[in-house]
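To keep things clear, I will list the structure first and then write my remarks on it.
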Amino acid sequence: MSVVFARIGWMEYYSGIKNERPVGGGEYNVDQIGSEAYNFFPMSGRLLGYFRGPGPDGQVNLDRVDCNNPNNEYVDHALIIFVATQPHTGGQWIVGWYSDAKLFRESIPRPFSDISYNCQTKIENSVLLPSAQRTHRVPGAEQNGGMGTANVRYTLQPGGAPDPAMGQGWMARAIDYVNNYAGANAVASGATLEDAAEETALGRQGFRTTPAQRRAIERHAMAIAKSYYKESGYTVDDTSDSNPYDLECSRNDEAPLRVEVKGTCLNGASIILTRNEVLHAKTFANMHLFIVYSVALKGDEAFGGDTFVVENWRPEEENLSPISYTYRVP
């Protein structure tokens, strides 16, 4: 089994930084935000995780994860066990894991973001332990052979021999705990509506958007989009009440441009689309997807955010993940 233990900062949900940030996990988290903040943020049916390897620029030594790995850039079917130090009581505990994961040597930038990932798995192959379930302790430097100051502990020594902590040691006990765990899992599996998706990602952190706030986000995103296209010389019509797209833009003798507008408090790495929005975008020749992400809220007022525009937008099947079905009960 290809296994690596990775220490990260302590968080409750690892689903963004709206109401929390990583505590501990390395010097980087003192003044900045480590990419592990999004380790359990669902994106298109997957989780994209990060931990800093000990190599140059945070590289992971794949030879100490799987010495028989035929690929020099990644290891398939890895088990990545995330460990964090509880900031109030001390001690380091298993907080979650990816099984059947792909582990990369180099970190990779996330879409629409300046944060990175170096491992990924399907949502169903992951577990995030609720705080009350974080009961399996990983020994630190106080125990000979424990997980000391380094944020990564490989299960193989240089040359490929098993670490002495395997066998009957703490590593073997931790792996056995993970493989036999059958308790609660705090990973969000998805939602059926855009507002539910927003609440799934944010509400678990004690931050829950209200219908009024969601309407404010929509209005804010639409206003930014309208200004953007007007400044580009378009005449802009709001068609959101009657069509499966939000804006129709015309300019001189050019073909009409239609725009789907999405606003979100999250990082914009994934959005929710309705069936009609997808069908229309696949058939109309000139579509843009206009995303306003990282929108801030103060009461029922929305402000700020950054924009990302996908021109010649066609929703590709490989980037679409069904998150619900409508079932007609016989």
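The values are calculated or read from the model by the stated rules, or taken from the named source; none is laboratory data. Keep in mind that what you see is a predicted model, and the values were worked out from it rather than measured. Here the Cβ positions follow ideal geometry from the backbone for every residue, glycine too, while neighbour counts run over all protein chains shown.
Filtering the range 54-79 to residues that are farther than 21 Å from residue 34 by Cα and among the polar types (S, T, N, Q) leaves 68, 69, 71, 72.
Quick check on residue 242: is it within 17 Å of residue 308 (Cβ to Cβ), without any contact (Cβ under 8 Å) to a residue 60 or more places away in the chain and exposed (fewer than 13 other Cβ atoms within 10 Å of the Cβ)? So that I can check it myself, show each step before the final result.
Numbers: within 17 Å of residue 308 (Cβ to Cβ): no; without any contact (Cβ under 8 Å) to a residue 60 or more places away in the chain: yes; exposed (fewer than 13 other Cβ atoms within 10 Å of the Cβ): yes.
Taking the combined requirement at face value, the residue does not satisfy it.
So which strands (runs of 3 or more DSSP E) are wholly in the range 47-123 and hold at least 1 residues that are among the aliphatic types (A, V, I, L, M)? Explain how you work it out, then say what you get.
Numbers: elements: 74-85, 92-109, 116-122.
Result: 74-85, 92-109.
Which fully enclosed helices (runs of 4 or more DSSP H) of the range 163-257 have 1 or more residues being modelled with pLDDT under 90? Write out each step before concluding.
Details: elements: 170-179, 194-203, 211-231.
Here the list reads 194-203, 211-231.
Restricting to the range 147-170, what's the tally of residues that are touching a residue at least 24 places away in the same chain (Cβ under 8 Å), of a type outside the set (Ser, Thr, Tyr) and in contact with a strand residue (DSSP E or B) (Cβ under 7 Å, 6 or more places away or on another chain)? Final tally of qualifying residues: 6.
Scan the range 229-251 residue by residue and report those that are within 28 Å of the chain's Cα centre (by Cα) and hydroxyl-bearing (Ser, Thr, Tyr). Talk me through it step by step, then tell me what you get.
Just the residues of the range 229-251 that are within 28 Å of the chain's Cα centre (by Cα), to begin with: 244-246.
Within the range 229-251, just 245 meets the criteria.
Across the range 124-133, the number of residues qualifying as crowded, with 19+ Cβ neighbours inside 10 Å and not in a strand (DSSP E or B) comes to 1. Entry remark, the range 96-127: residues being under 20 Å from residue 43 (Cα atoms) and in contact with a Phe, Trp or Tyr (Cβ under 7 Å, 6 or more places away or on another chain) number 18 in total.
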